[in-house]
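These notes are about the structure you will find just below.
Taken together, the values in this text are just the output of simple stated rules run on the coordinates, not laboratory data. Treat the numbers as computed from the prediction; the structure is a model and nothing was measured. Methodologically, a virtual Cβ is constructed for each residue, glycine included, from the backbone with ideal geometry; neighbour enumeration extends over all protein chains shown.
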Amino acid sequence: MTMTTTTPEQLIAGSRTRIDALDDHIIGLIQERMALSTVIQEARISSGGRRVHLSREMEVLSHWSDALGKPGTTLAMTLLELCRGRV
């Protein structure tokens with residue numbers, strides 16, 4: 001029976017590789033969200049509505065805050081700004 005030992009350096013390198021892969025996935029999901037937000041904004045504007053729907057944004061902020069606390073609110077604000085631009 002052979003036991004292989006993982007060194008701290010190997011553990012760190014492997015974990016960083018996984019983090020990089022997760023970051024790439026998160027970026028792809030954000031880009032997909034941005035595209036969907038554009039579709040919604042265009043549909044809302046073409047039907048005479050406003051570009052930004054504030055009550056919906058409050059729902060998004062609440063969802064992220066409930067899931068991640070105060071940092072979640074900051075992330076959600078950044079995400080909203082990416083998806084709809086500055087208000």
- Item | With Cα atoms, 0 to 90° folded angle of helix 70-84 axis to the chain main axis | 60 degrees
- If you line up the long axis of helix 8-46 against the longest principal axis of the chain, both from Cα atoms, how many degrees apart are they, to the nearest 10? 10 degrees
- Message: Let me spell out the model: positive unit charges on the Cβ of Lys and Arg, negative unit charges on the Cβ of Asp and Glu, origin at the Cα centre of the range 8-84. What dipole size does that give, in debye rounded to 20?
- Response: 340 debye
- Query: Which residue fluctuates the most in the chain, going by a Gaussian network model with Cα springs under 10 Å, if the choices are Gly14, Gly49, Gly69?
  - Reply: Gly14
- Item | Overall Cα dimensions of the range 16-76 - principal axes, largest extent first, Å | 47, 24, 12
- Query: Among Thr38, Thr6, Gly49, whose Cα lies farthest out toward the positive end of the dipole of the chain, if unit charges sit on the beta carbon of Lys, Arg (+1) and Asp, Glu (-1)?
  - Reply: Gly49
- Averaging sequence separations of C-alpha pairs under 8 Å and six or more residues apart, then dividing by the length of the chain, give the relative contact order as a whole percent. 26 percent
- Task: Give me the angle, in degrees from 0 to 90, between the Cα long axis of helix 54-68 and the longest principal axis of the Cα atoms of the chain, rounded to the nearest 10.
- Result: 20 degrees
